[in-house]
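Novice: Okay, handing you the structure first.
The values are calculated or read from the model by the stated rules, or taken from the named source; none is laboratory data. This structure is a prediction, so every number in the text was calculated from the model and none was measured. Don't worry about glycine lacking a Cβ; one is built from the backbone with ideal geometry, like all the others, and counts go over all protein chains shown.
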Amino acid sequence: MTLRTIAVVSAGLSQPSSTRLLADQLAAATARGLPAGTQIEEIELRELAHDIVNNLLTGFPSPALRRAIEQVTSADGLIAATPLYSGSYNGLFKSFFDVLDPDALAGKPVLIAATGGTARHSLALEHAIRPLFTYLRAVTVPTAVFAATQDWGSAGSSGGALTARIERAGAELAAVIGQRQPAAEADPYASAAPFEQLLRNR
Amino acid sequence: MQLGIFTVGDVTPDPTTGQAPTEHERIKSMVAIARKAEEVGLDVFATGEHHNPPFVPSSPTTMLGYLAAQTEKLILSTSTTLITTNDPVKIAEDYAMLQHLADGRVDLMLGRGNMGPVYPWFGQDIRTGIELAIENYHLLHRLWREDIVDWEGEFRTPLQGFTSTPRPLDGVPPFVWHGSIRSPQIAEQAAYYGDGFFANHIFWPTEHFVRLVGYYRQRFAHYGHGAPEQAIVGLGGQVFMRKNSQDAVREFRPYFDNAPVYGHGPSLEEFTSQTPLTVGSPQEVIDKTLTFREHFGDYQRQLFLMDHAGLPLRTVLEQLDLLGGEVVPVLRRELDALRPANVPDGPTHEALVAASLTGTQLETDELETSTS
C-alpha cells in the first residue's frame, strides 16, 4: 500500500486561527479514511504572505514558497481553507492559487472549507470558492464545510452538525484519493514533443 | 568567449530625480552605450525590439545599421527579434542587408514577445506564439539557404519562386540564437537546427534554467550536431559595480527598489541571493559570473544588462568602464582557459564561413557518428 500525502492550505490571518483549526480537523477526518501513516503537510499562507506578493511581482517563487507549492502540487489531495472577507475568499488565499501554474491542480482531489462570523455567508463556498477550483480543473468533493463562530460551541446541542459535516467531507476526500493512483509530478521535459512533430503540425 | 551587453531600450524615469529622458535622448544614449562597449573591449551589443511605450527600439536594423558604421569590431545582435509578429521574409531581407553593411558582424536572437496586444497589432494571436515561432523560423531558415523558395504555411501568404535578397554574405546566414525562459519547445527548436540557445536567466532562479539548458544540450546531441557540451549556449547577467561593495549597494538600491520588472517586490538582498543579479565590487561580479559556468557548463556568450531602471547615461558609461576594464578581461581569460578544446568558441561570421568551406565533410562525419 502506497502512503498518501494530503496538503492542507490555510489562509487564516489571526493567530490562533479558526480557519487553521477547521483545516486540521478536516485533515484528521480525511486521514481516518486512508491507511495509517498518511502524511499531512500543513501550509500556513500567513508565513508566506510577502513571498506570495513577491511572486506576483517577479514571476518566480522564493525557496520557501517553492517548497510550499511543491507540497501542494505533489500531494494526493488538497484541503483548502479560507476565512471569508467581503463575502468571498480573502486576497491571500486567491493570490496563492494565482501564482500556481494554470494546470498545477488539474485532476487534483480538493476539499474546500471556509470560516466566517455568521452562517449567512456560507454559500460563498459554492458561488466563489468552488468556481475557483473548477477553473483550475480540480476535482472538488461534494461537501464543502463552512464553520461560523457559533458552530464551534454547538457540537453538543445541535447533534454535532459541524463535526458531522467535517466527517462526511473528510470521508468523501479520502474515498476519491483512495480510488486514484498516487500523484505523480508532471515533467514538461519528459512530455515535450520532438521537433519533427512540432513542425509537422505546421 | 564572447562578452557583451544587451539593452531593453526602456524609457524609465530616474527614481532619484524623477526625470525621464526623451525618446531622442534614450535612442542617442543607446548609441553612446554601444560605442562605449566597443571602446572598452566588449564583443557584443544587442538591442531589444519592442512596439509599445515605454520602449524605443522598434526598428533594430536601423539602429544596428547606424552602429555598424560607427564601430569596427563589435558584434551587433538583438535581444530579441520578434519571430512571431515580424514577417519572416522581412527579417530575412533586413538582417541579410545588415550583415552585408556590417561585413558579417551580425547575429540575432529570436524571441516570441510576451505582450498580448502587440500580436493583434501585427495581425497575430499570442495564443499561437509557439506555432508562429516554429513556422516563421522554418521559413526564415529556408530563405537564407535556398535561392528560390516555394512556400505555403498557415500564417503568411504563400510564396512561389521567391528569392530573398540580398543573399547572405559569403553564402553564410547570420548566426541565430533562440531565446526562451520557460518553453521546452524553443529549446527543442534551437537543438533541431543546431542553433544557439540563449537563457536570459536574470530575473529568475538558476535551477529552473539549469533544466532548460540541459534539455537543449541533450536534444542538440540527439539531432546529431555534436556532443551535449558542444551546444552553443548564451546567458544573461545583471550587475552594478563600484570599487567598494557598500557604495554599489547604496547607489543602486533606489534603482532596484523602483525597477520596472521587480521593483516594489523582494529586497535587493533577497533578489541577489535568488537570481544572477550582482551588486558589489568588480571582484564580486567576477566570482558570481564564474558560477554560471558551474551551473550550465562551458558556454559561448555572456551578455550583461547595464542600462535599465532609469540609470543615467553617465553612470552606465562608468559601469562599462569597470566592466571592460576590470571584469571582462578576467572572465575572458578564465573562461577561455577552462573551456576544453572540443567545445566551440563564440560564433563569428569568419568561423561560420570557415566551417561552411569544410561543412560538407563535417556533416557527413557527424551523421555517421550520430547513427553509429
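Novice: Residues in the range B:114-127 that are in contact (Cβ under 8 Å) with a residue 40 or more places away in the chain and crowded, with 19+ Cβ neighbours inside 10 Å: how many?
Specialist: Count: 1.
Novice: Give me the pairs, please: first residue somewhere in the range B:202-223 and under 15 Å from B:S273 (Cα atoms), second residue anywhere and among the polar types (S, T, N, Q) and not in a loop (DSSP other than H, G, I, E, B), beta-carbon distance under 9 Å, and either six or more positions apart or on two chains.
Specialist: Close Cβ pairs satisfying both conditions: B:I202/B:Q238; B:F203/A:T58; B:F203/B:Q238; B:W204/A:T58; B:W204/B:Q274; B:P205/B:Q274; B:T206/B:Q274; B:T206/B:T291.
Novice: Within the range A:78-92, is even one residue assigned to a helix (DSSP H, G or I), in contact with an Asp or Glu (Cβ under 9 Å, 6 or more places away or on another chain) and free of Cβ contacts under 8 Å to residues at least 60 places away in the same chain?
Specialist: Step one: filter the range A:78-92 for residues assigned to a helix (DSSP H, G or I), giving A:91-92.
Restricting the remaining residues to those that are in contact with an Asp or Glu (Cβ under 9 Å, 6 or more places away or on another chain) gives none.
No, the conditions are met nowhere in the range A:78-92.
Novice: What's the number of the only condition in (1) surrounded by fewer than 18 Cβ atoms within 10 Å (Cβ to Cβ); (2) touching a residue at least 24 places away in the same chain (Cβ under 8 Å) that B:H264 fails to meet?
Specialist: It fails just one condition, (2).
Novice: Going through the range B:199-241 one residue at a time, which ones are within 10 Å of another protein chain (Cβ to nearest Cβ) and either assigned to a helix (DSSP H, G or I) or surrounded by 24 or more Cβ atoms within 10 Å (Cβ to Cβ) (or both)? Reasoning before the result, please.
Specialist: Taking the range B:199-241 and keeping what is within 10 Å of another protein chain (Cβ to nearest Cβ), we get B:203-205, B:207-208, B:211-212, B:214-215, B:218-219, B:222-223.
Matches in the range B:199-241: B:E207, B:H208, B:R211, B:L212, B:G214, B:Y215, B:Q218, B:R219, B:H222.
Novice: Quick check, is B:D307 outside any loop (DSSP other than H, G, I, E, B) and either of a type in the set (D, E, K, R) or at pLDDT below 95 (or both)?
Specialist: Values: outside any loop (DSSP other than H, G, I, E, B): no; either of a type in the set (D, E, K, R) or at pLDDT below 95 (or both): yes.
No; evaluated as a whole, the condition is false for this residue.
Novice: Against the definition (in contact with a strand residue (DSSP E or B) (Cβ under 6 Å, 6 or more places away or on another chain), more than 30 Å from A:A184 (Cα to Cα), in a strand (DSSP E or B) and not β-branched (V, I, T)), how does A:A147 come out, yes or no?
Specialist: Numbers: in contact with a strand residue (DSSP E or B) (Cβ under 6 Å, 6 or more places away or on another chain): yes; more than 30 Å from A:A184 (Cα to Cα): yes; in a strand (DSSP E or B): yes; not β-branched (V, I, T): yes.
Considered against the rule, which asks whether it is in contact with a strand residue (DSSP E or B) (Cβ under 6 Å, 6 or more places away or on another chain), more than 30 Å from A:A184 (Cα to Cα), in a strand (DSSP E or B) and not β-branched (V, I, T), A:A147 comes out as yes.
Novice: From A:A144, A:A113, A:A192, grab the single residue that is touching a helix residue (DSSP H, G or I) at 6+ places or on another chain (Cβ under 6 Å) and within 14 Å of chain B (Cβ to nearest Cβ).
Specialist: Values: A:A144 fails: within 14 Å of chain B (Cβ to nearest Cβ); A:A113 fails: within 14 Å of chain B (Cβ to nearest Cβ).
Sole residue among the options that is touching a helix residue (DSSP H, G or I) at 6+ places or on another chain (Cβ under 6 Å) and within 14 Å of chain B (Cβ to nearest Cβ): A:A192.
Novice: Then there's this: If you check A:L198, A:L132, which single one turns out to be away from chain B (no Cβ under 14 Å) and at pLDDT 85 or above? Steps first, answer last, please.
Specialist: Details: A:L198 fails: away from chain B (no Cβ under 14 Å).
Checking each option against the conditions leaves just A:L132.
Novice: Can you tell which of B:T163, B:T157, B:T128 is more than 27 Å from B:H51 (Cα to Cα) and either within 14 Å of another protein chain (Cβ to nearest Cβ) or β-branched (V, I, T) (or both)?
Specialist: On the way: B:T157 fails: more than 27 Å from B:H51 (Cα to Cα); B:T128 fails: more than 27 Å from B:H51 (Cα to Cα).
Every option except B:T163 fails the conditions.
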